[in-house]
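Remarks on the structure that follows.
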Amino acid sequence: MQSFIGEIGIFMICAQTILHFRPKESYGKYLRLLFSVMILIQIFQPVSELFFGGSGLELQKSINQFQERLDESMEQATKAAAGTELRLQQMSMEELQKRQELQDADTEMQREGQSEMEGEAQSREIQIEQIGIEEIHITREEE
């Protein structure tokens, strides 16, 4: 019985170490689920031997099948997360390209507007007409 407890303790320490050094934060909940199931299996094995007797081959087979299905689900979830992350990156790049195109179009329109204004200013001629001014005489009136 002590060996089972020791094995579970060592497994929990290793599991916490792996959980601490996981590559991405999003993997944490999946790893915790996997480790919890594995700990439950380790606890259930000695208990099942006490109650059911024998080696429990059928129980071991069903546990192995469950473990395989769990591993497959984890792989599918990882692939789905990677696909979603890739799609998000693509969408971000498309959005950045659209914004860049809009900004370039706005800049081009501003340049065209400035060119037209400069062209109009250069094509305007200023004409000055001469006006005649008559001489003005100022005299003092005496009282």
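The values are calculated or read from the model by the stated rules, or taken from the named source; none is laboratory data. Computed from a predicted structure; not experimentally measured. Don't worry about glycine lacking a Cβ; one is built from the backbone with ideal geometry, like all the others, and counts go over all protein chains shown.
So for the range 117-125 (the condition being farther than 30 Å from residue 32 by Cβ, among the hydrophobic types (A, V, I, L, M, F, W, C), part of a loop (DSSP other than H, G, I, E, B) and at pLDDT below 85), does at least one residue qualify? No.
Pairing residues of the range 24-40 that are charged (D, E, K, R) with residues that are surrounded by fewer than 16 Cβ atoms within 10 Å (Cβ to Cβ), at Cβ distances under 9 Å and at least 6 apart in sequence or on separate chains, gives 24/81; 32/19. Which of the residues belonging to the range 66-86 are closer than 17 Å to residue 35 by Cβ and either at pLDDT below 85 or among the aliphatic types (A, V, I, L, M) (or both)? 70, 74, 77 - these are the residues of the range 66-86 that are closer than 17 Å to residue 35 by Cβ and either at pLDDT below 85 or among the aliphatic types (A, V, I, L, M) (or both). Per the conditions (1) under 30 Å from residue 3 (Cα atoms); (2) not in a helix (DSSP H, G or I), the sole criterion not satisfied by residue 23 is (1). In summary, residue 61 fulfils each of the numbered conditions (1) of a type in the set (D, E, K, R); (2) loosely packed, with under 12 Cβ neighbours inside 10 Å; (3) at pLDDT below 85; (4) in contact with a helix residue (DSSP H, G or I) (Cβ under 9 Å, 6 or more places away or on another chain) with the single exception of condition (4).
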